[in-house]
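Heads up: the structure comes next, in structure tokens.
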Amino acid sequence: MADRVTVIGWDGSPLTEAARSALGAATLVAGTAHQLALPEVPPHAERVRLGSVHLAARRIAGHRGSAVVLADGDPGFFGVVRALRAPEHGLEVEVVPAVSSVAAAFARAGMPWDDARIVVAHPRTLRRAVNVCRAHPKVAVLTSPGAGPAELGLLLEGVHRTFVICEELGTDRERTTVLTSDRAADHTWRDPNVVVVIGGSGTPPPTAGESGWLAGLEPGPGVRGWALPAEEYGGEPAGRKGLEGETPQLRAAQLARLGPRTGDLVWDIGSGTGAFAAEAARFGAAVLAVDREADACGRTAAALRRFGVQAQIVHGSAPHILEDLPEPDVVRVGGGGAPVVSAVADRRPQRIVTHAGTRDEAELIGRDLSEHGYAVECALLQSVALDTRVWTETERTVVFLLSGTLLDRAP
């Protein structure tokens, strides 16, 4: 095992004295091609091209002498330190950090970043990174080849955002470009780059002179609790005709079955008052709310503003409007019955929830979900509202809750 392993972050500025000293004593240096070309790298040291960090870690573990690993920015921030410290390598490291590329990108933009969400985009995680950009008003995306600004812009079609694209930070080829997301796909971008994605109508940042207390995401605007009454979202009290899908008890069960989370895209088909869309967005998920009624779309937009969250709202009738929507992770079908549920199941989301007013309708929906390969659960939910002054019944709602889980798709 190497006698000493030092990880040095490099942000393009001159190396610190500690970094120069460690490099000068190194008998093995690992890094990218441009890092290994630094004049401070000793000519006698063994050089390891840093492609796979795990392969390099095995080389370092078998080396006798002093090893140095060069990394861009802060190596402890989505960097190589985690991989080098993995139990299978047994490496203890010293770290000489530098300014992270995210901090540098926000500095170039002249913006604070304690209220930003930060994601890493690889081809396999690109869609989830895009969903975070849909859900939050300020996101930094650490990109990679095949998951860069152009791909982000393409997947954000229909959602307006501003991109601040910082290419090759810390080098003499550094360039910062500001443009709208719909134009990002028209350009070729140099790697490495960081994209700061700004826009939407989520929770506003602290006003001048104030500061937040939680990095990454402030809590909602003074709202406590879930499955709030429909009146909180501009709807009518539970139990009114046509609003059985809006009862807080049913909504609570639907949210529990779907489990929306950061990185998900939730479809809310038949958004009604916007109650479900707002609450799913409060869990950090990206939400796409669909309704055929213009008034319902307006109520949904108002509910989102009221709770300081955002979602994309699509005015149109399901199932036809669903054809061109981006891939969902979980779906709540609030209206449209079996034909809409069947069209949703064709898109293979991991989970689907809906409700039915009669047993015949519930059996039809359950059978269709089963034929699509979903494991189906059905429960008869009854909620009774009571006037606690006299303990008399004021509202009663009975509904079948159906949920389908696609077992061959990872959650």
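The values are calculated or read from the model by the stated rules, or taken from the named source; none is laboratory data. In this text, all values refer to a predicted model and were calculated from it rather than measured experimentally. No Cβ is skipped: glycine too gets one built from the backbone with ideal geometry, and neighbour counts run over all protein chains shown. Keep in mind that these areas ignore ligands, DNA and RNA; they rest on the heavy atoms of the full protein, side chains included. Shrake-Rupley method; radii C 1.70, N 1.55, O 1.52, S 1.80 Å.
I want the antiparallel fraction of DSSP beta bridges within the stretch 17-164, as a percent rounded to 5.
So the antiparallel bridges in the stretch 17-164 amount to around 10 percent.
Could you work out the helix-only [θ] at 222 nm for the chain, with each DSSP H run of four or more residues adding -39,500 (n - 2.57) and the total divided by the number of residues, to the nearest 500 deg cm²/dmol?
It comes out at -7500 deg cm²/dmol, rounded to the nearest 500.
By accessible area of protein heavy atoms, probe 1.4 Å, what ranking do Val95, Val195 get, highest first?
In descending accessible area the options line up as Val95, Val195.
May I ask you to give the solvent-accessible area per residue for the chain, in square angstrom, as obtained with a 1.4 angstrom probe?
In whole numbers, the chain has 48 Å² accessible per residue.
When the chain is modelled as a GNM with alpha-carbon springs shorter than 10 Å, which of Asp172, Asp295, Asp268 fluctuates the most?
Checking each option, the largest mean-square fluctuation is seen for Asp172.
In whole angstrom, note down how far apart the Cα centers of the stretch 97-114 and the stretch 1-35 are.
If we compute the Cα centre of each part, the gap is 22 Å.
Tell me, in nm to one decimal, what length is gained between His122 and Arg183 on full extension, where the rule is 0.36 nm per residue of separation less the Cα-Cα distance?
19.9 nm
What net charge do the residues around Val223 carry, taking every other residue with its C-beta under 9 Å from that of Val223, with Lys and Arg at +1 and Asp and Glu at -1?
Charge balance in the 9 Å sphere: +2.
Considering only the other residues whose Cβ falls under 14 Å of the Cβ of Cys133, what net charge follows from Lys and Arg at +1 and Asp and Glu at -1?
Taking every Cβ under 14 Å from that of Cys133, the sum is +2.
Can you say what percent of the DSSP beta bridges in the chain, counting only those with both residues inside, are antiparallel? Round to 5.
Percent antiparallel among DSSP bridges in the chain is about 50.
I want to verify a result. In a Gaussian network model of the chain, Cα cutoff 10 Å, which of these has the top mean-square fluctuation: Pro326, Pro42, Pro75?
Among Pro326, Pro42, Pro75, the largest mean-square fluctuation in the Gaussian network model of the chain belongs to Pro42.
Would you mind telling me which residue in Gly51, Gly335, Gly357 has the biggest mean-square fluctuation in a Gaussian network model of the chain, where springs connect alpha carbons within a distance under 10 angstrom?
Highest fluctuation of the listed residues: Gly51.
If you rank Thr354, Thr188, Thr388 by how much accessible surface each has, with a 1.4 Å probe, what is the order from largest down?
Putting Thr354, Thr188, Thr388 in descending order of accessible area: Thr188, Thr388, Thr354.
May I ask for log10 I(q)/I(0) of the chain at q = 0.09, 0.10 Å⁻¹, from a Debye sum over the Cα atoms as equal point scatterers with solvent left out?
-0.67, -0.78
Once you order the gyration tensor axes a ≥ b ≥ c over the Cα atoms, which shape class does the stretch 243-315 get: rounded for a/c under 1.5, otherwise prolate or oblate by comparing a/b with b/c?
It is oblate, given that a/c is not under 1.5 and a/b is not larger than b/c.
So for the chain, taking the charge dipole from beta-carbon charges (+1 Lys/Arg, -1 Asp/Glu), which of Val5, Ser342, Val376 sits furthest toward the positive end?
Working it through, the farthest residue towards the positive pole turns out to be Val5.
Give me the dipole magnitude in Debye, nearest 20, for the stretch 288-411 about the Cα centre, with unit charges on the beta carbon: positive for Lys and Arg, negative for Asp and Glu.
Dipole of the stretch 288-411, to the nearest 20 debye: 420 debye.
Rounded to the nearest 5, what is the percent of antiparallel bridges among the DSSP beta bridges in the stretch 100-206?
80 percent
Taking the Cα centre of the chain as origin, work out the dipole magnitude from +1 charges on Lys and Arg Cβ and -1 charges on Asp and Glu Cβ, in debye rounded to 20.
660 debye
Calculate how steeply helix 294-306 sits against the longest principal axis of the alpha-carbon atoms of the chain, using the helix alpha-carbon long axis, and give the answer as 0 to 90 degrees to the nearest 10.
Between helix and principal axis, roughly 50 degrees.
At a threshold of 8 angstrom on Cα-Cα distance, excluding pairs fewer than six apart, so keeping six or more, what relative contact order does the chain reach in percent?
The normalised contact order for the chain reaches 11 percent.
Give me the percent of accessible area attributable to carbon and sulfur for the chain, probe 1.4 angstrom.
Of all accessible area on the chain, carbon and sulfur atoms account for 53 percent.
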